[in-house]
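Each remark here refers to the structure printed beneath this line.
The values are calculated or read from the model by the stated rules, or taken from the named source; none is laboratory data. Nothing here was measured: the structure is a model prediction, and the numbers come from that model. Please note: Cβ atoms are built from the backbone with ideal geometry, for glycine as well, and neighbour counts cover all protein chains shown.
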Amino acid sequence: MIVPEAAKNISFVGHTDQGGRSDGIQVMVHKGYAYVGTRVSRGIMVTDVRDPRHPKPVNFVAGHPNSLSMHLQQAEDLLLGIQEADQKAILTAQEYYGGSAQVDSRRYGKRGEDYMAGMTVYDVKDPVNPRRIGFLEVEGLGIHRIWWSGGRYAYASALLDGFIDHILIVIDLADPTKPREVGRWWIPGMNAAAGETPTWKERYALHHAIVFDGYAYGSWRDGGLTILDVHDPTAPKLLAHRNWCPPFGGGTHNAVPLHDRNLLIVADEATLNIDQQPVKHTWVFDIREKTNPVSIATMPQPAEQDYFAMGGQFGPHNLHEHRPGSWQDSSTVFATWQSAGVRAFDISNPFRPEEAGYFVPPQPTKFMEPLRGRAKVRHTADLYVAQDGLIYATDYDSGLYILQYEGSSR
């Protein structure tokens with residue numbers, strides 16, 4: 001039984017250290033099995049969660065030993081997993097998050113041998129045993145994160161030779177055994193190989209884009225938010241670009257559209273220890289007019305204990321992304337808040353979001369993630385919320401937590 005440091009309207013159900021591979025990042029749930037991407041273990045964990053009180057690791061799908069396997073997407077009996085050279089093995093956190101520079105993949109060795117760069121497609125009709133059926137290689141350091149909820153096209157952030165950081169690429173999965181790139185978009189100034197010059201000093205890099213109803217909502221770290229028209233996925237068109245860094249601290253991580261309410265929830269990731277950067281926020285935008293998104297509120301900051309004195313990374317990391325088949329009540333927003341665990345917010349009144357619940361796990365007993373300047377504090381990373389309110393939440397160091405949301409939206 002796990003005893004939380006603090007909890008309200010979210011209760012503990014189960015936990016697993018994933019058989020010792022406890023470095024959990026993105027999580028997807030399919031047919032009673034959780035797929036968890038990892039950063040240090042270099043592969044994908046498969047965990048049986050059909051009995052959520054007793055989750056059981058049942059398989060590990062290894063990736064390249066020098067490549068990240070943090071992020072994944074699942075739909076239609078397919079699983080997409082990223083492969084990317086590990087920049088943090090060379091760079092400090094301050095260097096990695098501090099700015100962009102033209103990619104020189106030769107620094108990391110020979111692609112395809114010393115590291116892998118691209119996206120792997122697995123068949124998961126047998127959910128315990130993902131079977132590799134396709135691979136898309138990209139020319140550069142690889143793919144960071146993907147959005148795919150089924151259908152022909154996936155949308156990924158790719159770090160390609162010649163660009164200063166991750167851009168948007170569109171992937172055609174008509175034949176999942178032979179995925180191919182069919183579209184690109186970047187913020188003008190990022191294509192150094194074409195002679196473009198950035199007008200900024202901060203880090204402009206696509207973390208990823210979430211796509212609903214023909215619109216792609218892109219989060220560009222210190223480059224803010226873009227809204228693209230992707231009704232023709234091969235030719236994305238910019239509708240709006242908003243950036244609030246500076247004066248705010250940047251790190252825009254993901255943007256979740258709630259189209260039934262014409263709202264967009266945008267999280268700025270806390271990338272460094274709380275004493276090394278400003279407090280980060282999660283914003284509510286009105287997107288009735290896609291060409292003119294307007295910020296109308298921010299989520300309240302966790303305050304049930306002194307997170308500033310605790311240290312570590314205090315602030316948003318990831319939002320539950322309201323994927324088809326998951327929790328989609330648009331009056332409730334779920335988020336991971338790193339040192340402050342899992343949070344739930346009631347946005348029935350979008351101009352005045354209120355705290356609806358939280359679960360703050362105990363501190364890790366071991367640390368999987370190379371610290372390299374990161375304080376030894378819990379780091380709740382990612383989450384997936386099922387329709388019944390079961391929350392699957394990962395930690396950089398402590399594996400997979402299964403929780404139950406007990407609140408209700410007004």
- Query: In this structure, is Ala89 surrounded by fewer than 18 Cβ atoms within 10 Å (Cβ to Cβ) and either under 20 Å from His166 (Cβ atoms) or in contact with a Pro (Cβ under 6 Å, 6 or more places away or on another chain) (or both)?
  - Reply: yes
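This table checks each residue for (1) surrounded by fewer than 15 Cβ atoms within 10 Å (Cβ to Cβ); (2) under 19 Å from the mean Cα position of the chain (by Cα); (3) within 26 Å of Trp244 (Cβ to Cβ); (4) of a type in the set (Asp, Glu).
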residue	(1), (2), (3), (4)
Thr282	no, yes, yes, no
Pro300	yes, no, yes, no
Ala309	yes, no, no, no
Gly315	no, yes, yes, no
Ser326	no, yes, no, no
Ala344	no, yes, yes, no
Val360	no, no, no, no
Ala375	no, no, no, no
Residues of the range 128-146 being within 19 Å of Leu206 (Cα to Cα) and not in a strand (DSSP E or B), in sequence order, are Val138, Glu139
Among (1) closer than 21 Å to Ala255 by Cβ; (2) assigned to a loop (DSSP other than H, G, I, E, B), Lys376 falls short only on (1)
Residues in the range 206-242 that are of a type in the set (Gly, Ala, Ser), touching a Ser or Thr at 6+ places or on another chain (Cβ under 6 Å) and part of a strand (DSSP E or B) total 3
When you check Gln363 against the structure, is it part of a loop (DSSP other than H, G, I, E, B) and out of contact with any helix residue (DSSP H, G or I) (no Cβ under 7 Å at 6 or more places or on another chain), yes or no? yes
Practice item. Could you tell me whether the range 205-215 includes any residue that is surrounded by 18 or more Cβ atoms within 10 Å (Cβ to Cβ), out of contact with any strand residue (DSSP E or B) (no Cβ under 7 Å at 6 or more places or on another chain), within 26 Å of Pro350 (Cβ to Cβ) and modelled with pLDDT of 95 or more? Key: no
Of the residues in the range 287-298 that are of a type in the set (A, V, I, L, M) and either touching an Asp or Glu at 6+ places or on another chain (Cβ under 8 Å) or not in a loop (DSSP other than H, G, I, E, B) (or both), the one that is surrounded by the fewest Cβ atoms within 10 Å (Cβ to Cβ) is Val294
Those residues of the range 40-77 which are within 14 Å of Asn129 (Cβ to Cβ), in contact with a strand residue (DSSP E or B) (Cβ under 6 Å, 6 or more places away or on another chain) and touching a residue at least 24 places away in the same chain (Cβ under 8 Å) amount to Gly43, Ile44, Met45, Val46, Thr47, Asp48, Pro57, Val58, Asn59, Phe60, Val61
Counting only residues that are of a type in the set (A, V, I, L, M) and at pLDDT below 95, the range 129-158 contains a total of 1
Checked the range 159-218 for anything of a type in the set (Val, Ile, Thr) and either in contact with a helix residue (DSSP H, G or I) (Cβ under 6 Å, 6 or more places away or on another chain) or closer than 27 Å to Tyr122 by Cβ (or both); matches are Ile164, Ile167, Ile169, Val170, Ile171, Thr177, Val182, Ile210, Val211
Of the listed residues (Ile296, Ile274), the one being in contact with a helix residue (DSSP H, G or I) (Cβ under 7 Å, 6 or more places away or on another chain) and among the β-branched types (Val, Ile, Thr) is Ile274
Within the range 243-276, restricting to residues that are under 15 Å from Glu289 (Cβ atoms) and surrounded by 17 or more Cβ atoms within 10 Å (Cβ to Cβ), the one that is farthest from the chain's Cα centre (by Cα) is Leu263
Those residues of the range 145-162 that are farther than 17 Å from Ala235 by Cα and surrounded by fewer than 21 Cβ atoms within 10 Å (Cβ to Cβ) come to a total of 5
Reported set for the range 20-34 where residues are within 14 Å of the chain's Cα centre (by Cα) and of a type outside the set (A, V, I, L, M) is Gly24, Gln26
Among residues of the range 348-360 being part of a strand (DSSP E or B) and among the hydrophobic types (A, V, I, L, M, F, W, C), the residue farthest from Gly312 (Cα to Cα) is Ala356
Scanning the range 161-174 for residues that are more than 22 Å from Ala255 (Cβ to Cβ) and either outside any loop (DSSP other than H, G, I, E, B) or among the hydrophobic types (A, V, I, L, M, F, W, C) (or both) gives Asp172, Leu173, Ala174
